[in-house]
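The values are calculated or read from the model by the stated rules, or taken from the named source; none is laboratory data. This one's a predicted model, so the numbers in the text were calculated from it and none came from an experiment. Because the Cβ atoms are built from the backbone with ideal geometry, glycine has one as well, and the counts that use them run over all protein chains shown.
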Amino acid sequence: MFNMNTMATRRMFLFMLLILSTTFVLGIENDNDEIRNNNHNITSATKYLIYDVNPGEGFNLRRDVYIRAANLVKHLNDRGEDWVLVLPPWSHLYHWKSRYLQQIGTEWKSFFDITKLNLYVPVMEFSDFIKFNGPSIGHLLYLQRHPEGFSKGWREIIEIGDCGKEHSLYHKGEDGFFHGYFWNVENVNAKKFDCVNVQGAATVLADFLKKLDAKSVFLPRFEQVQHITYGGDEFYKARRSLVFAEHLRIEGDQFREKYLNSKDENDKTTYNADWRKQFPKENSALGGPYLGLHMRRADFAYAHKETVPSIAEIGEEVNKMLKKYKLKLIYLATDSDEKEIQELQSIVKAKIKKFPRTKEIIKTFKDGGVAIIDQWIAAHARYFIGTCVSTFSFRIQEERDILGFNPDTTFNCICGKQSPPDRCEKPTRWRVVFR
């Protein structure tokens, strides 16, 4: 465990780094109704695309939906329009178990480097949108799955429709504005409201948006539209721009060095935070002298009981890989209880290390930040074993691909011996495109 006395100064430094990183990215200049957003000029002609995801969805799916929204904004701007993507505040997600901590309204800069997102498309936090535009959104378009449901094959459709059961999330107030769920941010409303039946890729929204008079558009349930080109160049540019916040990477790197004898220079995992310049050679990364293990349990083990391996089965596979790669340490990212962790420790022939989750650490980094630190450390392991069909594991595999690891040491998971042959397979090797 960390010695919290010796860690206090470093923790304060990381906290100050986070505060400094929150300096308004869209920032400084505001002459003649023009604001400078990195390489993007925000003028009176600029429009704002605000999106959100079904409140019940998890952290890693939300990252995936960000790519769909970013690709759409890139598409709109490439054809001569002028849009900024507004990042929705994070609500308190199901897997954020620290209920004693207020995490509703958490901004993206707590988890990701906003300056790096801006290298792909212009983005801003929702709080910054309010600063410059006020709390009223021009038009709220609640996205609903089209009733046709691709029953006639792949056909892209978008049209105003009747509101389903979810329309109760929003209502028209006596002031004439629409009120409802806006991440519990006070005084936010929309001037217009429509339910939209949609099916197809995110670009199906493009011409529809162009016809609107509103300067700002809010699109809840953005997961209803599909990726424009999943696995293509633009998909991976948006994915690579999702660089973890610097203070989280620093914390993970310091843990690696202190407890896992792992440093980028020795591990051949030197990382360029400017994702446009990160072009690793195939199989160039060695990784730290430890095995990375993501062991998803809790509700996941119950929901996937036909495929999830037992602790004994996990330990058996881990020991094989420890012997093969001559490793003596395991970094464990897990939602398991202490009993399961101790059971695993009694089986494996290596010392298990975990990033601590004290109240001080959770308060500093939040549940989402600690999850990212877990992913960052696991991504730097000599060999990684994930949980089959877990998006948390999939994101670690993507990070390893970005770092240049051999796919054989990356795309691995363990199926329970009870698994039907067609229900549990090795992870698909979706390789990151670097162009």
Answer from P280, P289 - the residue that is surrounded by 16 or more Cβ atoms within 10 Å (Cβ to Cβ) and outside any loop (DSSP other than H, G, I, E, B): P289
Segment 323-380: number of residues that are within 24 Å of Y100 (Cα to Cα) and hydroxyl-bearing (S, T, Y): 4
Selection count, segment 216-234, where residues are part of a strand (DSSP E or B) and not hydroxyl-bearing (S, T, Y): 4
Which listed residue is under 16 Å from the mean Cα position of the chain (by Cα) and on the phi > 0 side of the Ramachandran plot, from G105, G134, G149: G105
Residues located in segment 399-428, provided they are touching a residue at least 60 places away in the same chain (Cβ under 8 Å), outside any loop (DSSP other than H, G, I, E, B) and in contact with a helix residue (DSSP H, G or I) (Cβ under 7 Å, 6 or more places away or on another chain): R400, I402, L403
Single residue of segment 303-343 satisfying the filter (within 17 Å of S390 (Cβ to Cβ) and hydrophobic (A, V, I, L, M, F, W, C)) that is surrounded by the fewest Cβ atoms within 10 Å (Cβ to Cβ): A303
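Each row is one residue, and each column tells you yes or no for (1) of a type in the set (A, V, I, L, M, F, W, C); (2) modelled with pLDDT of 95 or more; (3) surrounded by fewer than 16 Cβ atoms within 10 Å (Cβ to Cβ); (4) touching a Leu at 6+ places or on another chain (Cβ under 9 Å).
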{"residue": "N71", "(1), (2), (3), (4)": "no, yes, no, no"}
{"residue": "R79", "(1), (2), (3), (4)": "no, yes, yes, no"}
{"residue": "V86", "(1), (2), (3), (4)": "yes, yes, no, yes"}
{"residue": "K109", "(1), (2), (3), (4)": "no, yes, no, yes"}
{"residue": "K116", "(1), (2), (3), (4)": "no, yes, no, yes"}
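Have a look at V84, V65 and point out the one that is in contact with a Pro (Cβ under 7 Å, 6 or more places away or on another chain), outside any loop (DSSP other than H, G, I, E, B), in contact (Cβ under 8 Å) with a residue 12 or more places away in the chain and over 17 Å from V196 (Cα atoms).
Details: V65 fails: in contact with a Pro (Cβ under 7 Å, 6 or more places away or on another chain).
Going through V84, V65 in turn, the sole match is V84.
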Any hit, segment 185-208, residues being within 21 Å of S44 (Cβ to Cβ) and β-branched (V, I, T): no
Qualifying residue in segment 264-273 (condition: in contact with a Lys or Arg (Cβ under 6 Å, 6 or more places away or on another chain) and either surrounded by fewer than 16 Cβ atoms within 10 Å (Cβ to Cβ) or in contact (Cβ under 8 Å) with a residue 12 or more places away in the chain (or both)): no
Residue match in segment 228-245 (condition: out of contact with any Leu (no Cβ under 8 Å at 6 or more places or on another chain), without any contact (Cβ under 8 Å) to a residue 60 or more places away in the chain and either surrounded by 17 or more Cβ atoms within 10 Å (Cβ to Cβ) or not basic (K, R) (or both)): yes
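Hey, among the residues in segment 381-396 that are farther than 16 Å from A245 by Cα and hydrophobic (A, V, I, L, M, F, W, C), which one's surrounded by the fewest Cβ atoms within 10 Å (Cβ to Cβ)?
Taking segment 381-396 as the starting set, the residues that turn out to be farther than 16 Å from A245 by Cα are 381-394.
Cutting the leftovers down to hydrophobic (A, V, I, L, M, F, W, C) gives us 381, 384-385, 388-389, 392, 394.
Details: A381: 29, F384: 26, I385: 22, C388: 21, V389: 17, F392: 21, F394: 20.
Going through the qualifying residues, I end up with V389.
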Evaluation of N189 against (1) in contact with a Pro (Cβ under 8 Å, 6 or more places away or on another chain); (2) at pLDDT below 95; (3) not basic (K, R) (one fails), failing number: (2)
Residue match in segment 372-380 (condition: buried (at least 21 other Cβ atoms within 10 Å of the Cβ), outside the structural domain of K97 (by TED's automatic domain parsing), among the aromatic types (F, W, Y) and within 17 Å of F255 (Cα to Cα)): yes
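Condition check ((1) touching a residue at least 24 places away in the same chain (Cβ under 8 Å); (2) more than 29 Å from F111 (Cα to Cα); (3) assigned by TED's automatic domain parsing to the domain that holds N71; (4) part of a loop (DSSP other than H, G, I, E, B)) across all residues:
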| site | (1), (2), (3), (4) |
| --- | --- |
| S127 | yes, no, yes, no |
| H139 | yes, no, yes, no |
| G149 | yes, yes, yes, yes |
| E159 | yes, yes, yes, no |
| C163 | yes, yes, yes, yes |
| E174 | no, yes, yes, yes |
| W183 | yes, no, yes, yes |
| C195 | yes, yes, yes, no |
| D207 | no, yes, yes, no |
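From G164, G149, which residue is loosely packed, with under 14 Cβ neighbours inside 10 Å, at pLDDT below 90 and within 27 Å of K191 (Cβ to Cβ)?
Numbers: G149 fails: within 27 Å of K191 (Cβ to Cβ).
Every option except G164 fails the conditions.
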